[in-house]
Amino acid sequence: MPQSKAPYSDAAELALAARHEIISMTSVAKASHVASALSVIDVLSVLYTGSANISVSNMDNPDRDIVILSKGHSASALYSVLALQGFFSKDWLAQYCSNDAPLGGHVTSKGVPGVELSTGSLGHGLPYGLGIAMSRKKHGAKGRVFVVMSDGECDEGTTWESAMIANHHNLDNLVVIVDRNKIQSLTFTEDTLKLEPFADKWTAFGWQTETVDGHNYSILAKSLASQKGPKCIIADTTKGKGVDFMENSVLWHYKSPSSDDVTKAFDQLSENY
Amino acid sequence: MRDTFVKTLLEEARRDPNIILITGDLGYGVLDEFAKELPGQFLNSGVNEQAMMGLAAGYASTGKRVFVYSIGNFPTLRCLEQIRNDVCLMNNPVVVVSVGAGYAYGSQGYTHHALEDIAVLRALPNMEVIVPADPLETLELTRFIVSNKKPTYFRLGKSNEPIIHTTAPKIALGAINEISEGSQGTLLFAGSVGTVALAAEKELASKGVSVSVASVPFVSSIDVQYLTKALKKGPVIVIEEHSYRGGLGSAVLEAVNAAELQGSIGLVAADQNNLSQIGDQNFLRNTNGINIEMIVKKFIALQEAQK
């Protein structure tokens with residue numbers, strides 16, 4: 001594992017450290033969703049190294065930014081980032097999913113510093129974030145709201161209900177980032193329920209929409225830096241990114257890495273990053 | 001009840017800018033004054049109960065006191081998981097307000113009958129379920145809810161419910177409001193169906209039987225001391241405009257069981273034998289077994305059995 005540089009200011013360094021944590025913790029806990037976490041980790045790393053105005057020191061500031069991970073099954077990604085950035089002890093990661101531990105297999109906010117909303121049932125994060133953005137806009141509070149969603153999650157009706165509401169009220173403080181890894185629970189998104197033309201849908205709902213490389217830190221940071229009205233960033237990603245045998249495989253939505261898998265995965269991270 | 005609620009909420013909201021009213025595109029002619037006078041504290045979300053409830057929870061997380069208003073099943077069953085996860089689990093102080101309790105929208109059909117809402121919302125953790133009996137209780141309970149910052153379900157009737165309290169009831173969490181005192185038993189009820197309970201009391205009195213009649217607005221916080229005394233006095237009949245399954249009757253039976261009380265309890269609630277039956281509120285109460293005859297019959301039978 002790379003040496004800790006907490007708190008990280010460089011998204012690439014944070015993402016690499018987090019990838020190690022994600023693979024370790026899902027292996028030790030025999031937990032699912034390692035590939036979902038690896039696909040979204042670059043987005044989260046960019047958000048938590050400056051693109052979102054959020055840090056351990058400004059959590060009590062009502063004008064800070066808010067990040068909601070709506071795809072709650074990627075909990076290991078958010079927990080890794082928060083621990084590496086000093087929101088809570090890294091010891092908690094080692095107890096992931098164990099009895100009476102603070103961190104469970106889906107994102108929980110209770111007693112976990114830095115987590116805004118407990119998620120796990122898809123389609124909840126966007127309406128909730130919409131409510132925070134609406135309140136801030138109506139009552140003059142600053143700070144943006146970033147909701148990180150999965151692409152499969154966009155099957156949920158609340159996504160499009162929320163898209164209409166945000167557009168109608170011109171919520172220029174709300175950003176959706178869709179982790180467009182193109183795989184959902186049972187198979188590929190386009191074989192399950194067609195999302196394409198995906199960007200056109202968001203545009204038609206009145207959102208400023210950009211499709212970007214979801215693993216390119218500078219491009220993500222640039223896209224996150226400005227918005228006109230509600231903004232949807234479609235982060236084009238690879239599920240399982242960084243570990244070739246986990247990439248683009250439905251199997252790794254569920255499979256937990258064995259200790260051999262962990263060794264192989266760490267070797268690949270050394271080669272690839 | 002709905003007019004009293006909105007009028008009282010408007011009075012509170014004038015004083016407290018943190019009070020927010022959200023509607024799911026319902027309340028024609030009822031919410032206009034609020035919307036016009038306090039547009040910064042009002043939102044018509046549109047016809048989208050699930051997003052609306054998540055939105056309300058997020059809004060409440062910013063320190064606002066959010067009331068969500070709609071008809072019967074729409075702000076309750078349609079968005080149940082949003083209430084469960086985003087309101088109750090996160091302990092956000094959203095107040096879900098439904099109008100049209102029971103058969104208040106009788107002729108509009110079963111989609112508009114609210115008959116399972118108490119059961120479902122009462123099952124949720126952190127949720128206070130509150131059912132006013134008349135406009136006086138509605139007024140006092142609205143003020144109570146504003147000051148009691150926790151997830152709440154407020155189940156209102158519709159319009160023109162008669163006032164059944166002679167004076168404004170004193171509201172305290174869990175308190176049962178006795179309307180008349182008798183010596184041989186008790187009729188407990190929740191909601192505007194109290195008029196039926198009071199008519200049954202008269203009928204029993206004509207047969208020489210004296211019973212207390214009391215409103216139980218706090219369905220999820222039953223006053224066990226009151227129950228203990230009531231059960232010592234004689235049979236208790238629980239009357240509600242709701243399914244037999246999981247409503248006030250069930251709440252009372254659970255409280256009796258938990259406190260290991262002894263006594264006779266009868267339930268008068270909706271049969272739901274013909275879901276598609278059309279008719280006004282009184283007609284549907286009658287055909288579904290929520291009527292004076294049923295209350296009197298059940299009370300006398302329990303009284304006979306106790307002898």
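The values are calculated or read from the model by the stated rules, or taken from the named source; none is laboratory data. In this text the structure is predicted, and so the values were computed from the model without any measurement. Counting neighbours? That spans all protein chains shown, and the Cβs are built from the backbone with ideal geometry, glycine included.
Details
- Subset tally (residues that are part of a loop (DSSP other than H, G, I, E, B), more than 8 Å from chain B (Cβ to nearest Cβ) and in contact (Cβ under 8 Å) with a residue 12 or more places away in the chain) for region A:121-140: 1
- Complete set of residues in region B:1-27 that are out of contact with any Ser or Thr (no Cβ under 6 Å at 6 or more places or on another chain) and assigned to a loop (DSSP other than H, G, I, E, B): B:ASP16, B:PRO17, B:ASN18, B:ASP25, B:GLY27
- Whenever a residue of region B:99-122 is closer than 15 Å to B:SER220 by Cα, its partners that are among the basic types (Lys, Arg) and in a strand (DSSP E or B), lying with C-beta atoms within less than 9 angstrom and at least six residues away or across chains, give the pairs B:ASP117/B:ARG155; B:ILE118/B:ARG155; B:LEU121/B:ARG155.
- Of the criteria (1) touching a Phe, Trp or Tyr at 6+ places or on another chain (Cβ under 9 Å); (2) closer than 23 Å to B:ASN92 by Cα; (3) of a type in the set (S, T, N, Q), which one A:GLN85 fails: (2)
- Candidates B:PHE74, B:PHE67, B:PHE34 - the one that is more than 21 Å from A:ALA163 (Cα to Cα) and within 14 Å of chain A (Cβ to nearest Cβ): B:PHE67
- Listing of strands (runs of 3 or more DSSP E) fully contained in region B:28-124 that carry 2 or more residues being touching an Asp or Glu at 6+ places or on another chain (Cβ under 9 Å) and either buried (at least 24 other Cβ atoms within 10 Å of the Cβ) or outside the structural domain of B:ILE222 (by TED's automatic domain parsing) (or both): B:65-71, B:94-99
- Of the residues making up region A:238-254, those that are among the charged types (D, E, K, R) and assigned to a loop (DSSP other than H, G, I, E, B) are A:LYS239, A:LYS241, A:GLU247.
- Among the criteria (1) within 8 Å of another protein chain (Cβ to nearest Cβ); (2) among the hydrophobic types (A, V, I, L, M, F, W, C); (3) buried (at least 23 other Cβ atoms within 10 Å of the Cβ); (4) not in a loop (DSSP other than H, G, I, E, B), the one A:LEU82 does not fulfil is (1).
- Scanning region B:3-43 for residues that are farther than 16 Å from B:ILE145 by Cα and of a type in the set (S, T, N, Q) yields B:THR23, B:GLN41.
- Yes/no for A:GLY50 being over 22 Å from A:TYR128 (Cβ atoms) and surrounded by fewer than 23 Cβ atoms within 10 Å (Cβ to Cβ): yes
- Taken as a whole, region B:266-282 holds no residue that is surrounded by fewer than 19 Cβ atoms within 10 Å (Cβ to Cβ), more than 19 Å from B:SER215 (Cα to Cα), of a type in the set (Val, Ile, Thr) and without any contact (Cβ under 8 Å) to a residue 60 or more places away in the chain.
- If only residues of region B:193-250 that are aliphatic (A, V, I, L, M) and over 28 Å from B:LEU139 (Cβ atoms) are counted, the one that is surrounded by the most Cβ atoms within 10 Å (Cβ to Cβ) is B:LEU204.
- Residue within region B:226-237 that is under 13 Å from the mean Cα position of the chain (by Cα) and outside the structural domain of B:LEU136 (by TED's automatic domain parsing) present: no
- Residue count, region B:37-59 (criterion: among the aliphatic types (A, V, I, L, M), facing chain A (nearest Cβ under 9 Å) and over 19 Å from A:GLY123 (Cβ atoms)): 1
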